[in-house]
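Colleague: Dropping a structure here in structure tokens format, bear with me for questions.
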Amino acid sequence: MKKIILAGLAILTSILFAADPIRFIAPNPIKGSLETLKEAQIIELIGAVGPESLAFDINGEGPYTGVGDGRVLKWREGHGWSDFAFTSSNRTGCARPFAPEMEHVCGRPLGLRFHPKTGDLYIADAYLGLQVVGSNGGLATQILTEAENEPFKFTNDLDIDEVEDVIYFTDTSTRFQRRQFIASVLTDDDTGRLMKYDLVSQKVQVLLRGLKFANGVALSKDRSFVLSGRDDEWQNLKALGSWSKSWNFRNIC
């Protein structure tokens, strides 16, 4: 009898899931949420995989996104996706949409931000460090590959303070590259860093070390703090303080 009941429940679950899979696995509603994502339009990405960060330029055009073969693509309504920029000059063997073994050659653009004043696109490439490309696109220029004599292994995300003209960015690990991310997680690697790069003085400063899988970066609207995600226990770090004075850090969730 127990087997019959379990079989019946399995069949019922399969029917419900097939009828409306999204609704079936959707989380409980959050009070106060606008729930606008269900109205979102899906933009198909053909011939590429792994869209990461999304950015819009100073004219509101885009979105732009980095994909697995080293390209940064631009979306134009009515025209679809087109190549905008590359992070590596070596495109040999980079035509395949998914080729993790070629990422260190082709580049892997992750974080993207347009400078609100100059219109330049700054790119955090997992293998090739911090880069920049002009508003017309093309081959990006490498501007930073190490901090305090320690090379980047896994440059991840960035945000820009256009008032102070500085970039906040993360290096996920000093031991593992992006294609080794599983090893980083399994070994509990805590070598990630949050850094600050001054575009005027061209100096870089490590603000925080010892992060486990240092990930996204977001500067608050009033520029009073920086949020940076880390993957141990799904916690985020909040950096408090004046940009020109001492920094204080605390976990916020």
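Read-outs throughout are calculated quantities, based only on the coordinates presented, and are distinct from any laboratory measurement. Since the structure is predicted, the reported quantities are computational estimates derived from the model, not experimental observations. Don't worry about glycine lacking a Cβ; one is built from the backbone with ideal geometry, like all the others, and counts go over all protein chains shown.
Colleague: Show me 101-110, 127-136, 184-193 ranked by packing, highest mean number of other Cβ atoms within 10 Å first.
Modeller: 101-110, 127-136, 184-193
Colleague: Ordered by residue, what ³J(HN,Hα) values in Hz, to whole numbers, does the stretch 169-180 give under the Karplus form 6.51 cos²θ - 1.76 cosθ + 1.60, where θ = phi - 60° and Gly and Pro are x?
Modeller: Rounded to whole hertz, the list is 8, 10, 10, 4, 7, 9, 10, 10, 8, 4, 6, 10.
Colleague: I would also like to ask the following. Would you kindly state how much longer the chain becomes between ARG76 and GLU148 on full extension, computed as 0.36 nm times their sequence separation minus their alpha carbon distance, in nm to one decimal?
Modeller: 21.9 nm
Colleague: Report, in listed order, any pair from LYS31/LYS221; LYS31/LYS212; LYS38/LYS196; LYS31/LYS74; LYS38/LYS74; LYS31/LYS117 with a Cα-Cα distance greater than 28 Å.
Modeller: LYS31/LYS212; LYS38/LYS196; LYS31/LYS74; LYS31/LYS117
Colleague: Quick check of the Kirkwood formula: for the stretch 34-251, what is the inverse mean of 1/r over all pairs of different Cα atoms, in Å?
Modeller: 17.8 Å
Colleague: Quote the FRET efficiency, to the nearest 0.05, computed for ALA99 versus LYS31 with a Förster distance R0 of 41 Å and r equal to the Cβ-Cβ distance.
Modeller: After rounding to 0.05, the efficiency reads 0.40.
Colleague: For GLY129, list long-range residues whose amide hydrogen, built 1.01 Å from N in the peptide plane, is under 5 Å from its own amide hydrogen.
Modeller: Those lying under 5 Å, H to H, from GLY129 are THR155.
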